[in-house]
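The values are calculated or read from the model by the stated rules, or taken from the named source; none is laboratory data. In this text, all values refer to a predicted model and were calculated from it rather than measured experimentally. Positions of Cβ are generated from backbone atoms using ideal geometry, with glycine treated the same way; all protein chains shown enter the neighbour counts. These area figures cover heavy atoms from the full protein model, side chains too; ligands, DNA and RNA do not enter into them. Shrake-Rupley method; radii C 1.70, N 1.55, O 1.52, S 1.80 Å.
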Amino acid sequence: MDPDQNPVGPVSAAPLLVVMGVTGSGKTTVGAALGQRLRVPYADADDFHSEANVAKMSAGTPLDDSDRLPWLRAIGSWLADHAVTGGVVSCSALRRAYRDVLRQSAPAVSFVHLDGPEEVVRRRVAGRPGHFMPESLVASQFATLEPLEPDERGIVLDLDRSVDDLVEAYLASAPSLRPRSQLAPPTDPEPDPGPGPNPGE
């Protein structure tokens with residue numbers, strides 16, 4: 001997706017971000033690094049899960065949407081509380097409908113999608129002992145993933161890059177994370193690649 005893939009709508013004076021992607025994409029590490037670099041509060045969406053959700057995922061059972069809705073609303077509330085001061089949350093936000101729930105609470109939010117091959121993610125998850133999300137759920141995450149659409153404010157970054165590179169890539173693109181109505185027309189526009197391939201956390 002083009003970094004210019006942003007909707008018309010409100011934008012926060014301070015950065016209000018959701019670092020999204022499948023489990024093992026590096027959301028927590030990159031989100032924490034962005035929060036530190038931007039000097040805004042950081043939260044991990046895993047901390048908003050109920051005990052019942054954690055138990056379900058630990059047993060290898062994907063969450064359903066009734067499990068996710070209270071969780072997404074809690075994250076949206078945190079984003080709304082930080083709309084003025086800015087904030088970063090790491091959250092899978094795999095489906096458009098889930099991101100819509102977050103936008104209902106925090107319309108100015110932008111998304112940073114860490115994307116990459118399933119094989120890379122599987123290796124990462126397999127080497128991550130003690131986490132409640134087992135490797136067996138990686139396939140279900142990729143099956144659920146709906147990439148950002150043209151009317152969603154955000155960018156896509158290669159998850160296989162270093163954390164420092166990813167932070168710098170976000171900072172370089174940040175000025176364009178505004179409504180298109182506030183952007184000058186591009187002098188040499190990139191062709192639109194079209195929609196990408198189409199749970200858990």
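Can you give me the number of residues within region 35-48 that are in contact with a helix residue (DSSP H, G or I) (Cβ under 6 Å, 6 or more places away or on another chain), open to solvent by 20 Å² or more (accessible area, probe 1.4 Å) and under 22 Å from Val138 (Cβ atoms)?
Selection size over region 35-48: 2.
State whether one or more residues within region 58-65 are modelled with pLDDT of 95 or more and β-branched (Val, Ile, Thr).
no
Name the residues in region 111-167 that are assigned to a loop (DSSP other than H, G, I, E, B), open to solvent by 40 Å² or more (accessible area, probe 1.4 Å) and modelled with pLDDT of 85 or more, would you?
Pro117, Glu146, Glu149, Pro150, Asp151, Asp160, Arg161, Ser162
Do any residues in region 30-51 that are under 16 Å from Gly86 (Cβ atoms) have Cβ atoms under 8 Å from those of residues that are in a helix (DSSP H, G or I) and acidic (Asp, Glu), where the two are at least six apart or on different chains, and which pairs are they?
Matching pairs, first to second residue: Ala33/Asp164.
Tell me which residues, restricted to region 100-125, are acidic (Asp, Glu) and either under 20 Å from Trp78 (Cβ atoms) or touching a Cys at 6+ places or on another chain (Cβ under 6 Å) (or both).
Within region 100-125, Asp100 is the sole residue that qualifies.
Output the residue which, of all residues in region 66-87 that are touching a helix residue (DSSP H, G or I) at 6+ places or on another chain (Cβ under 8 Å) and among the charged types (D, E, K, R), is least open to solvent (accessible area, probe 1.4 Å).
Arg68
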